[in-house]
1. In the list Thr135, Thr115, which residue meets the criterion of being touching a strand residue (DSSP E or B) at 6+ places or on another chain (Cβ under 9 Å), open to solvent by 50 Å² or more (accessible area, probe 1.4 Å) and hydroxyl-bearing (Ser, Thr, Tyr)?
2. Exactly one condition in (1) buried (at least 18 other Cβ atoms within 10 Å of the Cβ); (2) under 20 Å from the mean Cα position of the chain (by Cα) is not met by Arg140; state its number.
3. If the Cβ limit is 7 Å and pairs must be 6+ apart or interchain, which residue in region 151-180 that is more than 25 Å from Pro94 (Cα to Cα) and in a loop (DSSP other than H, G, I, E, B) pairs with which residue that is open to solvent by 70 Å² or more (accessible area, probe 1.4 Å) and modelled with pLDDT under 90?
4. Just a yes or no: is a residue in region 88-95 open to solvent by 30 Å² or more (accessible area, probe 1.4 Å), at negative phi and among the polar types (S, T, N, Q)?
5. Do you know which residues across region 62-91 are over 16 Å from His156 (Cα atoms) and over 13 Å from the mean Cα position of the chain (by Cα)?
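The values are calculated or read from the model by the stated rules, or taken from the named source; none is laboratory data. The structure displayed is predicted, hence computed values, not measured ones. In this analysis, Cβ positions are derived from the backbone assuming ideal geometry, glycine residues included, and neighbour counts consider all displayed protein chains. Side chains are part of the model used for accessible areas, which takes the heavy atoms of the whole protein and leaves out ligands, DNA and RNA. Shrake-Rupley method; radii C 1.70, N 1.55, O 1.52, S 1.80 Å.
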Amino acid sequence: MRTAAGFVLVLLLAVAAVAADVESRRLTHYVPQDLLETAVRKEGWTEIPLDVKGGVLKGDRIRVWAGGSIDRGNGDQPGQYVGGPAGETPAAPPAAAELALSADPNHAYALLLKTDSSGPTKCLPPGKPLEITVTKDKERLWAGFNDKRGRYQDNHIGRGRRHELDPLWLRVEVVRMIVD
């Protein structure tokens, strides 16, 4: 009797181990720098195309890795006010009403991402991916830089006198979970 129960337990554990979720990457896309420059210099949202065969489906995860630097201008010389995509905490934070894309003071001077159904989320520090779960089919991804209203024309990606050093980069992955 014990051997039969032990055999059934081992069989159940083997079936559970086989029926695991498998992560399938459907898209890996490095966003072109001219599109990022547009997103940083525009007072609004810029669509990041997700060209997945069959489209993005409900339950997919959009994973975003970001790095580099953004020069938000507003200084006497280029490179005076530079931060990463996760934003920075300035000495004098702007008032919530002054920010263009999100009134949250934690989103000040950060690269924000949103989908059609989710609100703005700021990028995480380099080396940590931001994961956004898709809640409906054919959902789109949008990016924007949260600067003060009217201060977008002097923003650039990168740092240095000619913005040639450490330019902003964004890697977007669309991941689908498959149950085996």
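1. Thr135
2. It is condition (1) that Arg140 fails.
3. Partner pairs satisfying both residue conditions: Asp166/Arg159; Asp180/Val18.
4. Yes, region 88-95 contains a residue that is open to solvent by 30 Å² or more (accessible area, probe 1.4 Å), at negative phi and among the polar types (S, T, N, Q).
5. Matches in region 62-91: Thr89, Pro90, Ala91.
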